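Asker: One structure is given below, represented as structure tokens, and several questions about it will come after.
The values are calculated or read from the model by the stated rules, or taken from the named source; none is laboratory data. Values in this document were obtained by computation on a predicted structure and should not be read as measured data. All Cβ positions, even for glycine, are placed from backbone atoms using ideal geometry, and neighbour counts span all protein chains on display.
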Amino acid sequence: MRTSNPIFSRWGATRDAGPADAYPRRPVRATVGGRPADDLSTNPYAPGAGPRTGTTAVTLDDVIVRTATTLGTVALTAVLSWLLLPVDEANIGRSYGIAVGAALVAFVLCLAQAFKRAPSPALILGYAAFEGVFLGVLSSTVSTYIAPGVVVQAVLGTFAVAAGTLIAYRMRWIRVTRRFTGFVGAAATGFLLLLAADALFSAFGAGNGLGFHSGGLGIVFGLIGIVLGAAFLALDFRQVEDAVAYGAPREEAWLAAFGLTTTLVWIYLEVLRVLTILNSDN
């Protein structure tokens with residue numbers, strides 16, 4: 001599987017992406033898809049696959065703890081930026097400037113981690129901290145000037161999408177196959193290209209860009225973004241499941257936290273977009 005979220009992921013990149021329940025969870029040396037689990041063409045964490053031997057295998061608890069740490073960092077810095085960077089008329093320019101700068105730093109840190117061969121907790125937590133600053137100012141602005149109370153609704157909506165996706169994945173209503181992965185990747189590429197085109201049209205005087213920020217088209221585009229986020233979340237769940245099954249090194253839990261965090265941020269932004277449009281049109 002070559003991608004698990006709208007940014008990047010490297011877990012499971014060297015093996016086939018069949019249905020998740022076709023692979024045994026333990027022991028690691030069992031057969032996987034009819035081939036030995038220690039076959040390097042199948043198991044990227046098998047002995048001899050690189051500097052991974054002699055390490056402690058990752059567990060689901062490791063993933064949960066590190067994901068909670070990363071999401072907690074996002075939440076903490078978001079709350080602090082909401083409180084310390086007011087968006088009233090006297091301070092809105094400064095707050096916006098800090099938020100844009102934080103978003104750029106978060107993007108750079110995200111790319112830096114994406115191209116590293118090994119997970120870096122410092123980069124991942126740094127990304128989470130700066131992303132939280134951006135989200136805090138953005139959420140404060142939306143809540144103050146457009147739709148009071150919408151942020152709580154967006155947070156609850158994000159949790160609802162995540163819980164629904166997890167249930168659907170565990171019940172195997174969503175089956176993460178190679179075809180599913182390719183379709184999601186292609187759809188996400190088109191979605192991001194449309195976002196880039198919308199930004200260019202807006203920057204060069206086309207007013208509301210392609211119209212993705214208001215009206216029925218904005219709602220439809222936001223709903224598509226939420227569905228894509230849920231699909232990437234299913235890929236994240238599959239990669240966590242595979243990492244535990246294959247006995248991936250414990251440090252890979254940070255990559256799981258990174259992927260889950262970027263996906264949940266994506267979903268939150270799209271839910272916030274839809275709710276903002278709905279509230280502003282009423």
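Asker: If you go through the stretch 75-102, how many residues are buried (at least 17 other Cβ atoms within 10 Å of the Cβ) and not β-branched (Val, Ile, Thr)?
Answerer: 7
Asker: Give the stretch 248-281 a look and list any residue that's buried (at least 24 other Cβ atoms within 10 Å of the Cβ) and either small (Gly, Ala, Ser) or assigned to a loop (DSSP other than H, G, I, E, B) (or both), or say none.
Answerer: Ala248, Ala253, Ala256, Ala257, Gly259
Asker: I'd like to know if the stretch 174-194 contains one or more residues that are touching a helix residue (DSSP H, G or I) at 6+ places or on another chain (Cβ under 8 Å), modelled with pLDDT under 95, part of a helix (DSSP H, G or I) and of a type in the set (Val, Ile, Thr).
Answerer: yes
Asker: Quick one: what pairs do we get from the stretch 69-98, first residue closer than 24 Å to Thr261 by Cβ and touching a residue at least 40 places away in the same chain (Cβ under 8 Å), second among the acidic types (Asp, Glu) and surrounded by 12 or more Cβ atoms within 10 Å (Cβ to Cβ), C-beta under 9 Å, 6+ apart or different chains?
Answerer: Thr73/Glu131; Val74/Glu131; Thr77/Glu131; Ala78/Glu131
Asker: Right, something else. Testing Tyr169 on (1) buried (at least 16 other Cβ atoms within 10 Å of the Cβ); (2) more than 20 Å from Val271 (Cβ to Cβ), one condition comes back false. Which one is that?
Answerer: Result: Tyr169 fails condition (2) only.
Asker: Go through (1) in contact with a helix residue (DSSP H, G or I) (Cβ under 8 Å, 6 or more places away or on another chain); (2) within 21 Å of Leu71 (Cα to Cα) for Ala160 and report which single condition fails.
Answerer: (1)
Asker: Right, another one. Considering only the stretch 235-247, state which residues are small (Gly, Ala, Ser) and either in contact with a Gly (Cβ under 7 Å, 6 or more places away or on another chain) or in a helix (DSSP H, G or I) (or both). It would help to see each step written out before you state the result.
Answerer: The initial filter retains those residues of the stretch 235-247 that are small (Gly, Ala, Ser), namely 243, 245, 247.
Ala243, Ala245 - these are the residues of the stretch 235-247 that are small (Gly, Ala, Ser) and either in contact with a Gly (Cβ under 7 Å, 6 or more places away or on another chain) or in a helix (DSSP H, G or I) (or both).
Asker: Residues in the stretch 164-173: is at least one farther than 30 Å from Glu89 by Cα, in contact (Cβ under 8 Å) with a residue 40 or more places away in the chain, of a type in the set (Lys, Arg) and not in a helix (DSSP H, G or I)?
Answerer: So far as the stretch 164-173 goes, yes, one or more of its residues are farther than 30 Å from Glu89 by Cα, in contact (Cβ under 8 Å) with a residue 40 or more places away in the chain, of a type in the set (Lys, Arg) and not in a helix (DSSP H, G or I).
Asker: Which numbered condition trips up Ala256, out of (1) at pLDDT 90 or above; (2) in contact with a Phe, Trp or Tyr (Cβ under 8 Å, 6 or more places away or on another chain); (3) over 24 Å from Gly157 (Cβ atoms)?
Answerer: It is condition (3) that Ala256 fails.
Asker: Residues in the stretch 100-153 that are outside any helix (DSSP H, G or I) and either under 27 Å from Leu278 (Cβ atoms) or touching a Pro at 6+ places or on another chain (Cβ under 8 Å) (or both): how many? Break it down into steps so the answer makes sense when it comes.
Answerer: Taking the stretch 100-153 and keeping what is outside any helix (DSSP H, G or I), we get 115-120, 146-149.
Going one step further and asking which of them are either under 27 Å from Leu278 (Cβ atoms) or touching a Pro at 6+ places or on another chain (Cβ under 8 Å) (or both), we end up with 146-149.
Number satisfying all stated conditions: 4.
Asker: Hey, another quick one. Given the structure, is Gly157 modelled with pLDDT of 90 or more and either outside any helix (DSSP H, G or I) or under 16 Å from Gln239 (Cβ atoms) (or both)?
Answerer: No: the conditions fail for Gly157.
Asker: While we're looking at this one, here's another question. For the stretch 54-74, what are the residues that are surrounded by 13 or more Cβ atoms within 10 Å (Cβ to Cβ), out of contact with any helix residue (DSSP H, G or I) (no Cβ under 8 Å at 6 or more places or on another chain) and part of a loop (DSSP other than H, G, I, E, B)?
Answerer: If the condition is that a residue be surrounded by 13 or more Cβ atoms within 10 Å (Cβ to Cβ), out of contact with any helix residue (DSSP H, G or I) (no Cβ under 8 Å at 6 or more places or on another chain) and part of a loop (DSSP other than H, G, I, E, B), then Thr55 is the only one that fits.
Asker: Could you list, ordered by first residue, the pairs with Cβ atoms under 6 Å in which the first is in the stretch 131-148 and more than 18 Å from Gly97 (Cα to Cα) and the second is of a type outside the set (A, V, I, L, M) and assigned to a helix (DSSP H, G or I), at least 6 apart or interchain?
Answerer: Ile146/Thr276; Ile146/Ser280; Ala147/Thr276; Ala147/Asn279
Asker: So, one more: (1) at pLDDT below 90; (2) touching a helix residue (DSSP H, G or I) at 6+ places or on another chain (Cβ under 9 Å); (3) within 26 Å of Gln153 (Cβ to Cβ); (4) surrounded by fewer than 22 Cβ atoms within 10 Å (Cβ to Cβ): which one isn't true of Val227, the others all being true?
Answerer: If we test Val227 against (1) at pLDDT below 90; (2) touching a helix residue (DSSP H, G or I) at 6+ places or on another chain (Cβ under 9 Å); (3) within 26 Å of Gln153 (Cβ to Cβ); (4) surrounded by fewer than 22 Cβ atoms within 10 Å (Cβ to Cβ), just (1) comes out false.
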